[in-house]
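Any read-out appearing in this document is the output of simple, stated calculations on the displayed coordinates, not a laboratory observation. Source: prediction; values computed, not measured. So basically every Cβ, Gly included, is an ideal-geometry build from the backbone, and we count neighbours across all protein chains shown.
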Amino acid sequence: MADGPFKRFAGDLRRGIPGVNRASIQYIDLLAGRVLANAKKRTPVKTGALRRSGRIEKVGKSTRILSFGGKGTGVMYAAAVEFGRFVPKGRQRGSVTTPQPYLRPALLEEMKKSRGEMKKVLAANLNHLNKTYGGRI
């Protein structure tokens, strides 16, 4: 059976370690905002509805979902713009939509840019854990 600092650490993990979770969540929010702004810049515009439909949805304490279009926005073609679409002949006369990716390139670009910052956040979290648990984890 675990005892001492490890038992305390295990319990804190279940509850969420103070300081560590807050810093990480703040960074996730910052990164999600950057990806959304980048994606909106890349979104092809005819009416602007697709660009305006971009949003960040918070699910639980630490999960963020970046969305374009969908329920309630009146934009049901976000995936067709991102990935393209082909409808077989006989249905809309074989319509083809060429992909115009905006979300995936934005995500990849921001991930590359954020590597250094992410390392700093993780290092700060590890330092916090070392101080909190006396370096015995």
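Taking 32 Å as the limit for the C-alpha separation, the pairs Lys40/Lys131; Lys41/Lys131; Lys46/Lys119; Lys58/Lys120; Lys71/Lys120; Lys46/Lys120 exceed it in the case of Lys40/Lys131; Lys41/Lys131; Lys46/Lys119; Lys71/Lys120; Lys46/Lys120.
Counting other beta carbons within 10 Å of each Cβ, put Tyr102, Tyr133 in order, fewest first.
Numbers: Tyr102 22, Tyr133 16.
Fewest-to-most ranking of Tyr102, Tyr133: Tyr133, Tyr102.
Calculate the FRET efficiency for Arg85 and Ala37 from the Cβ-Cβ distance with a Förster distance of 35 Å, rounded to the nearest 0.05. It comes to 0.85.
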